[in-house]
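**Student:** Starting off with a structure, shown below.
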Amino acid sequence: MKKSELYILLPFVLVFFYSCSNGTEVDEYTLLPYTLDFTGFSQPNIPEDNQLTEQGVSLGRKLFYEKSLSKDNSISCASCHEQKNAFSDKRRFSIGVKKLPGKRQAMAIFNMAWNTNDFFWDGRAHLLRDQALMPIEDELEMDETIENVIEKLKKKSDYKLLFNKVFPSGGISAETISLALEQFMNSIISNQSKYDRYLRKEATLTTSEERGRILFFKGYDGNNPSNSGANCAQCHNGANFENNEYMNNGLDLEINFKDIGREKVTKSSFDRAKFKVPSLRNIEVTAPYMHDGRFKTLEEAIDHYNDEVINSPTLNLTLASISKKGLELTEQDKQDLIAFLKTLTDTNLLENPKFSNPFK
């Protein structure tokens, strides 16, 4: 078996008994292990109590696109996390069933199996299954109750059958809904970008992309700006180009903080205005940027780090160490950096039918 393949679960057989006019018959149903291709990544963090199966992932995918999860049956998880946008939202703030905007930009959903430090911008959900249910009951999002969702799903015979097969002892419940959604989201992997092919020696970077790659990974040197890098990898590193940490990246003065971020969860002033560092994979298609979607373009985001970082007590130390002149990137530097960032776009993720709407 290749290292890049993981058989999440050994096949096992669940036996269901049911009555009919001719007496009792036996129906055998085998849950098949779901194979993840995680080439270029370490072993994924799949929960022991929710190993992936073909049927579980399929059920989760269906629920992800199911509009019955919302109060008026008008929106689904996919309404704010579109596949063509790497499962993010092009709008600055997603619009819920009441036609009201949310408070933060919808985060992209992929490579969740490598998330090791809670979910959402502020980390208020400890497990992915916890995160899966919160939008359903959020009044600015789906504005529905879990109890109503369960009743709606129970009225659909196909869901009753699917849940009984995937979760024979659980049926349709808040727990099984969350577990199915967790399985689907954990199956969404992005590792087929041009940069991934470059690492596998299957693609060659252009001159601009290569120069941008060097700038991305090279550290900042205030004493020698002409030979200094953008130092992006200090926070966006590893196979997923993130660090599973929460940081204040200098967007505002402390007196202007409209969102205290992680502090609301931890109740610690040390975490004021800190937000989860997102992956830079597929950054080309996940605009707008930052937790509040304030930057519409990559150019604006890079300009912020180049010369617009604002100091405050909890500012990330790496950003605080940059001179008042900023990174001193030239216009060519910025263009090259963006060229490299675009090599992180995974068109396979954006078009893969395994992740698409099963109702179409």
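**Student:** Which numbered condition trips up N117, out of (1) touching a Gly at 6+ places or on another chain (Cβ under 9 Å); (2) at negative phi; (3) at pLDDT 95 or above?
**Tutor:** Status for N117: all satisfied but (3).
**Student:** May I pose another question? Going through the range 269-297 one residue at a time, which ones are among the aromatic types (F, W, Y) and farther than 12 Å from D259 by Cβ?
**Tutor:** F270, Y289, F295 - these are the residues of the range 269-297 that are among the aromatic types (F, W, Y) and farther than 12 Å from D259 by Cβ.
**Student:** With respect to L63, is the statement that it is open to solvent by less than 50 Å² (accessible area, probe 1.4 Å), modelled with pLDDT of 95 or more and on the phi < 0 side of the Ramachandran plot true?
**Tutor:** On the way: open to solvent by less than 50 Å² (accessible area, probe 1.4 Å): yes; modelled with pLDDT of 95 or more: yes; on the phi < 0 side of the Ramachandran plot: yes.
When the stated conditions are applied, L63 passes them.
**Student:** Among I146, I172, I136, which is farther than 30 Å from L341 by Cβ and crowded, with 22+ Cβ neighbours inside 10 Å?
**Tutor:** Within the list I146, I172, I136, the selection yields I136.
**Student:** Let me ask something else. For residues that are farther than 17 Å from L319 by Cβ and part of a loop (DSSP other than H, G, I, E, B), scanning just the range 251-268, find the one that is most open to solvent (accessible area, probe 1.4 Å).
**Tutor:** K258
**Student:** Then there is this: Out of the residues in the range 67-81 that are assigned to a helix (DSSP H, G or I) and hydroxyl-bearing (S, T, Y), which is farthest from the chain's Cα centre (by Cα)?
**Tutor:** S68
**Student:** Can you confirm whether N348 is open to solvent by 40 Å² or more (accessible area, probe 1.4 Å), closer than 26 Å to N186 by Cβ and at pLDDT 95 or above? Reasoning before the result, please.
**Tutor:** Values: open to solvent by 40 Å² or more (accessible area, probe 1.4 Å): yes; closer than 26 Å to N186 by Cβ: yes; at pLDDT 95 or above: yes.
Spelling it out, N348 is indeed open to solvent by 40 Å² or more (accessible area, probe 1.4 Å), closer than 26 Å to N186 by Cβ and at pLDDT 95 or above.
**Student:** A further question follows. Which pairs have Cβ atoms under 8 Å, sit 6 or more apart or on different chains, and link a residue in the range 293-312 that is closer than 14 Å to L253 by Cβ to one that is part of a helix (DSSP H, G or I) and open to solvent by less than 70 Å² (accessible area, probe 1.4 Å)?
**Tutor:** V309/L319; N311/A320
**Student:** Under 7 Å between Cβ atoms, which residue pairs at least 6 apart in sequence (or on different chains) link something in the range 111-123 that is acidic (D, E) with a partner that is in a loop (DSSP other than H, G, I, E, B)?
**Tutor:** D118/H126; D122/R262
**Student:** Considering only the range 287-300, I want to know if a residue exists there that is assigned to a helix (DSSP H, G or I), of a type in the set (A, V, I, L, M) and either in contact with a strand residue (DSSP E or B) (Cβ under 6 Å, 6 or more places away or on another chain) or surrounded by 20 or more Cβ atoms within 10 Å (Cβ to Cβ) (or both). Steps first, answer last, please.
**Tutor:** From the range 287-300, those assigned to a helix (DSSP H, G or I) are 298-300; that's our starting set.
With the extra rule that they be of a type in the set (A, V, I, L, M), the set shrinks to 298.
Retained after the next criterion (residues that are either in contact with a strand residue (DSSP E or B) (Cβ under 6 Å, 6 or more places away or on another chain) or surrounded by 20 or more Cβ atoms within 10 Å (Cβ to Cβ) (or both)): none.
Checked against the condition, which is being assigned to a helix (DSSP H, G or I), of a type in the set (A, V, I, L, M) and either in contact with a strand residue (DSSP E or B) (Cβ under 6 Å, 6 or more places away or on another chain) or surrounded by 20 or more Cβ atoms within 10 Å (Cβ to Cβ) (or both), the range 287-300 yields no hits at all.
**Student:** Out of the residues in the range 317-345 that are part of a loop (DSSP other than H, G, I, E, B) and of a type in the set (V, I, T), which is modelled with the highest pLDDT?
**Tutor:** T345
**Student:** Would you tally the residues in the range 223-250 being in contact with a helix residue (DSSP H, G or I) (Cβ under 6 Å, 6 or more places away or on another chain), surrounded by 20 or more Cβ atoms within 10 Å (Cβ to Cβ) and either of a type in the set (A, V, I, L, M) or not assigned by the TED database to the domain that holds S321 (or both)?
**Tutor:** 1
**Student:** Can you say whether Y220 is in a helix (DSSP H, G or I), more than 22 Å from A125 (Cβ to Cβ) and either of a type in the set (F, W, Y) or open to solvent by less than 10 Å² (accessible area, probe 1.4 Å) (or both), as far as the supplied structure shows?
**Tutor:** no
**Student:** Residue pairs, Cβ under 6 Å, 6 or more apart or interchain, first in the range 182-199 and open to solvent by less than 10 Å² (accessible area, probe 1.4 Å), second of a type in the set (D, E). List them.
**Tutor:** If the second residue must be of a type in the set (D, E), the pairs left are S190/D346; S193/D346.
**Student:** Still on this structure: Checking K360 against (1) without any contact (Cβ under 8 Å) to a residue 12 or more places away in the chain; (2) of a type in the set (D, E, K, R); (3) farther than 30 Å from G60 by Cβ, which test does it fail?
**Tutor:** Among (1) without any contact (Cβ under 8 Å) to a residue 12 or more places away in the chain; (2) of a type in the set (D, E, K, R); (3) farther than 30 Å from G60 by Cβ, the lone unmet condition for K360 is (3).
**Student:** Let me ask something else. Here are R197, R213, R129: which of them is over 29 Å from K274 (Cα atoms), basic (K, R) and modelled with pLDDT of 95 or more?
**Tutor:** Answer to the check: R197.
**Student:** Just to be sure I understand the filter: pairs with C-beta atoms under 8 Å, separated by 6 or more residues or on different chains, first member in the range 132-152 and in the same structural domain as F119 (by the TED database) and at positive phi, second member open to solvent by less than 30 Å² (accessible area, probe 1.4 Å) and of a type outside the set (S, T, Y). Which pairs pass?
**Tutor:** From residues that are in the same structural domain as F119 (by the TED database) and at positive phi, the pairs are D143/G96; D143/V97.
The values are calculated or read from the model by the stated rules, or taken from the named source; none is laboratory data. These figures come from a predicted structure and were not determined experimentally. Note that we place each Cβ from the backbone using ideal geometry, even for glycine, and neighbour counts take in every protein chain shown. All accessible areas refer to the heavy atoms of the entire protein, side chains included, with ligands and DNA or RNA removed. Shrake-Rupley method; radii C 1.70, N 1.55, O 1.52, S 1.80 Å.
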